[in-house]
Amino acid sequence: MPQNPSDESTLRARIRRAIRTAEVEPRYEDIAMNVLAVAIGVVAGVGAVVFRVGIWVVQELLYGTSLNPGNVSFALVPVTNAFDLLSPLGPLRYAAIPALGGLLVGVVVLLTTDAVKGHGVPSVLDAMLNRGGRISPKIALYKTLASSVAIGSGASLGREGPIIQIGSAAGSFFGRFVRSRHTRTLVAAGAAAGIAGTFNTPIGGIMFALEILLAEYYLGHVITVVLAALTATAVARPILEFSPTPGIREFLVPASYQLVTPAVELPIYLLLGVVVGLVGAGLVKLLYGVEHFFERLDAPGYLKPALGGLLLGASVLVGTVVLGVGPGTAAGLLLGVGYGVVHRSIDGGFLFGALVALAVLKAVGFSLSVGSGSSGGVFSPSLFVGATVGGAFGLAVHALVPGTAPSGAYALVGMGGIFAATAGAPLTAIIIIFELTGQYTIILPLLMVSVVGSEIASYLLNGSTIYTQKLRDLGYTVQERRIGSIEDVHVADVMTTAVDTVKVGTPLSEAVNRLRDTDHGGLPIVEADESLAGIVVQSDAQAYLTENIEALDGDDDPAADPPVEDVGTRTVVTTTPNSNLLHVVDAMEAADVGRVPVVDNATVVGIVTRSDVLDAYDDIPIESAVEPMRCRRGDERAQSDSRATPRTAAGDR
């Protein structure tokens, strides 16, 4: 009997409802988190393989055996391909095919979502900060398709951004089976699993999740992230034929680098740290400068990645002149992930001029690819720039100071330094470079350069990174925050509901007395129906009274004691009971205020102060941050205040 379409839609609705309500009981959540971490690892590991296959298929169709921009380990098979069909164009093919790939990516973005474009990590951070870690599962499919096309067509991008977004989408999907406060941990576990499965770097993936995404370390996070990362590695390693020891083929060289003369070389590595800090900050500024240019460009969005691909191809043709090589060789050096250049730089296979030219051309090409809206990661390009800058620095050092380590050692350290500088993640850089290259003997210089470079770049970028600058452009404050605590707490959990207010029309002198008697830093001004009309703070009131003290003392000018709303602020930063405290912190910092009224349908229902935010943070022990905080009302609030320096509901500015 044919199925009624309405019955089918009802069935789908029931399935969706069942998934949404299939939440594990709190007492079993630890077990559930471990099981889900393994499931996420399996999905991410398979996703890493599928993503690699997708890149291989695209580059086969576009280049055949002529070029391997994705650096896939699968054998290239001679097939009919676009590169051969466009042979009448000659060298212009190296611009035409990236432009075609960019156009296809633009169409995918147009038909799906803007979350597909870019390098992925800012979208994951945005979801963790502002949407409770919720990421649509469809993103994994869309991102796989778009990034496979982008990298397979030669876009100067890496694989880590897409696989992070793919793994995070898996983590978000499985997060619906536990309470929402755990979703962010599972999203981070998915990202760690993606990196581990793609690069054979389980520890590096774990550190990426903890240092960049979660930005805090405690056992509940670590166990989940570790399980996901090791599972993904176990799934992907035999399929992609990774080595069971640290390192992958693309980054292994026969030499083992170490300090030759520590007393001489450590100060030199310190100088390299300064260099990579400057270059890393410049790379971030270049990337977002190009992105802002394309955002302002008056052209259809789907055409911008095509224009970026065309300009990338033009940079390849420039490279043929600068490097003195044929267009095919230049394309092999500059298009795609660029692992061949990284390997040759570590192995000392380039001259000084070539290394400098490659670093500049890669920085430009990478910025064009990401900035125009294509889809791919920034990790591999940062390794490329780091290896070439470090290699050039090493050649100069070796020429000026004989007896020091060969240039390859500086190239290897430069890789970690540039990534640490751009990502603001020195620990992740140190560990992941060790895992990629298997070079432990160079760890001391790697530590020094990564930390120094990260600090210098952070200063030059005002605390921003290549991953967080996008969020800053959107108006979010992301520096020095801990993701995973106060954004899990709603305003209703900590606001004071017994709010002292003053009515519209209250004389200023009376409002000042209220401020003095209650020891509040400010009072909301309300209409007769309790709707918010403004706010008056001590500093504004005192400034007015100081200027008009003689008139007030003589009582000869009624205007000297105006209604409170004339002195208070009419434009008020507000929040709602359902907002999270992280948004309140952002609002406080942006407006430089110490208290935010809580409104519901324009009516004042509470107030949150900086002291409330700090108390909320302190009241969530890391090891037991699972129970929702109670809204402190009346006597509860007074009791909570007795344990610290006495303060009032409105707090101190």
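The values are calculated or read from the model by the stated rules, or taken from the named source; none is laboratory data. As the structure is a prediction and not an experimental result, all values here were calculated from the model. Positions of Cβ are backbone-derived with ideal geometry, glycine not excepted, and every protein chain shown enters the neighbour counts. Just the protein is used for accessible areas: all its heavy atoms, side chains included, with ligands, DNA and RNA removed. Shrake-Rupley method; radii C 1.70, N 1.55, O 1.52, S 1.80 Å.
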Segment residue 504-residue 30, length gained on full extension (0.36 nm per residue, minus Cα span): 165.4 nm
Sequence-distant residues sharing a close amide H with residue 158 (under 5 Å, placed H): 377, 378, 379, 380
Net charge dipole size for region 117-232 [Lys, Arg +1 and Asp, Glu -1 on Cβ; Debye, nearest 20]: 460
Assigned charges on the beta-carbon of Lys, Arg, Asp, Glu; region 113-164 dipole about Cα centre (debye): 140
Summed residue charge, Cβ within 14 Å of residue 394's Cβ, Lys/Arg positive, Asp/Glu negative: -1
At R0 = 25 Å, FRET efficiency that the Cβ-Cβ distance of residue 517 and residue 570 yields, to 0.05: 0.55
Heavy-atom accessible area ranking, 1.4 Å probe, most first, across 436, 614, 333: 614, 333, 436
Unit charges on C-beta of K, R, D, E only; dipole of region 44-147, Debye: 300
Pairs beyond 20 Å (Cα-Cα), from 285/470; 117/470; 285/362; 138/304; 138/470: 138/304; 138/470
Calculated FRET value between residue 614 and residue 266, using beta carbons and R₀ = 35 Å, to 0.05: 0.25
Computed lengthening from residue 50 to residue 293, 0.36 nm per intervening residue step minus Cα-Cα distance: 84.1 nm
Coordinate range along principal axes, alpha carbons of region 274-322, Å, largest first: 41, 29, 11
Surface accessible to a 1.4 Å probe, residue 565 within the full protein complex, Å²: 30
Volume of the Cα convex hull of region 360-405, divided per residue and given in Å³: 50
Burial ranking of peptide ranges 81-89, 529-537, 571-579 (average Cβ count within 10 Å, highest at the top): 529-537, 571-579, 81-89
Distant alpha-carbon pairs in region 363-440 (separation over 22 angstrom), percent: 31
